[in-house]
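Heads up, the thing below is written out as structure tokens.
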Amino acid sequence: MNAIIISISIVLIMIGAIFSESKNTKPNFTPPPTINVLSADTTSVPSPTPVETPNTPAVKQQVSDISKLIYPKSILLSSTETKMLLESGSDPASITDWYEKEIKSQGFTSVSFAKTAVNSNILNKLSGAKTGKKIEVTIQKSDTDTQTKIEVIF
């Protein structure tokens, strides 16, 4: 009977030692970094970020030509070296007329203007070419859109 009591006592001492050891050790846990929210306003629209370009004459000329291809009553949604996406509340016919005049005024001689309208869905494609340069403009508006989409590839 003494052997049973001694065995139970040893087991209880070992269990107590294990639990006390686990309480004394600190867990290896690192809390996540704190993220500071500068603004909780989710309705604001980010403004376009100006892009710096190298100071070479060729790049400056290209940037100058590109800026001439932004429809005046439009919002620039995105831009790369060869493509711009714009949006405008203007009538697609007015936008198309403006781009036709702009393409011709920039000296593009090989020009093609295709205008389609089916059930209030507008898809106009304009293109022009001259020595070493080409331009393609797509103007699109469906009957459910409130804004006209403009894609310029140069």
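No value in this document is a laboratory result; all are computed from the given coordinates. Keep in mind the model is a prediction, meaning the values are calculated, not measured.
The figures follow:
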quantity: Greater than 19 Å apart at Cα, pairs in Lys101/Lys125; Lys73/Lys141; Lys83/Lys115; Lys83/Lys125; calculated: Lys83/Lys115
quantity: Kirkwood hydrodynamic radius of region 78-121, Cα pairs, Å; calculated: 12.6
